[in-house]
Amino acid sequence: MFLNTCVLQSSAVRRCAQSGALRLLLQPRRYQAQGRQAGFQLVEILIVMAIIGILAVITVPLYSQYRENSKNATAMSDISSIALSIDRFYIANGRYPNSLAEAGLGSMPDPWGHPYKYLRIDGGGLMAKGKLRKDKSLVPVNSDYDLYSMGQDGKTNQTFTAKASQDDIVRANNGRFVGLVTDY
């Protein structure tokens, strides 16, 4: 009744403000059961958990794809660097190295922990001819040397159309292409 009197009588508003009754009017009400503390209801918690679950379903695949793209870019960069070192070896020695170890690059793993694969073609003899990487028309993709990463699965095949080769990062066209087999 005191609150209603304060609202209705404008001259008494100053007295209500001084007494604190106006402050009680302007504060939001908190409903509490008698003897219980206010908290979150089960429905509110379930809604928050559903929102977090939806966000996780959206972001986890995006993050995984981002990490895979990052590893692919690292492998492409590594292959370009290794190719430069091999070309320097060729300039200094007049021939391509027989292995990455001979060029001083033997212990360098790809982003997935597998060793980079190297096959000398130019001057490699007949042994190398049967192991050449080939495109979808079964034409060798390089004439000097093959250099590639076996990708995430660690498996590969000589032909680019094989399922095991689809995630490989390759150097092709004698260095004019470095990238995923699927992009070649």
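The values are calculated or read from the model by the stated rules, or taken from the named source; none is laboratory data. None of these values were measured; they are calculated from a predicted model. We place every Cβ from the backbone using ideal geometry, glycine too, and count neighbours over all the protein chains shown.
Does Asp110 satisfy being at pLDDT 85 or above and of a type in the set (Asp, Glu)? Yes, satisfied. Just checking, which of Ala73, Ala92, Ala83 is over 15 Å from Pro111 (Cβ atoms) and either of a type in the set (Lys, Arg) or surrounded by 13 or more Cβ atoms within 10 Å (Cβ to Cβ) (or both)? Residue meeting the stated conditions: Ala83. Has the stretch 105-120 got at least one residue that is hydrophobic (A, V, I, L, M, F, W, C), closer than 18 Å to Gly179 by Cα and out of contact with any helix residue (DSSP H, G or I) (no Cβ under 8 Å at 6 or more places or on another chain)? Taking every residue of the stretch 105-120 in turn, none turns out to be hydrophobic (A, V, I, L, M, F, W, C), closer than 18 Å to Gly179 by Cα and out of contact with any helix residue (DSSP H, G or I) (no Cβ under 8 Å at 6 or more places or on another chain). Taken over the stretch 137-181, the criterion of being among the acidic types (Asp, Glu) and more than 14 Å from Leu119 (Cα to Cα) is satisfied by Asp153, Asp167, Asp168.
Within the stretch 114-127, is there a residue that is more than 20 Å from Gln158 (Cα to Cα), of a type outside the set (Val, Ile, Thr), surrounded by fewer than 19 Cβ atoms within 10 Å (Cβ to Cβ) and at pLDDT 90 or above? No, the stretch 114-127 contains no residue that is more than 20 Å from Gln158 (Cα to Cα), of a type outside the set (Val, Ile, Thr), surrounded by fewer than 19 Cβ atoms within 10 Å (Cβ to Cβ) and at pLDDT 90 or above. Here Pro111 meets each of (1) under 17 Å from Gly175 (Cβ atoms); (2) in contact (Cβ under 8 Å) with a residue 12 or more places away in the chain; (3) not hydroxyl-bearing (Ser, Thr, Tyr) with one exception, condition (1).
When you check Thr156 against the structure, is it among the β-branched types (Val, Ile, Thr), assigned to a helix (DSSP H, G or I) and either loosely packed, with under 13 Cβ neighbours inside 10 Å or modelled with pLDDT of 85 or more (or both), yes or no? Considered against the rule, which asks whether it is among the β-branched types (Val, Ile, Thr), assigned to a helix (DSSP H, G or I) and either loosely packed, with under 13 Cβ neighbours inside 10 Å or modelled with pLDDT of 85 or more (or both), Thr156 comes out as no.
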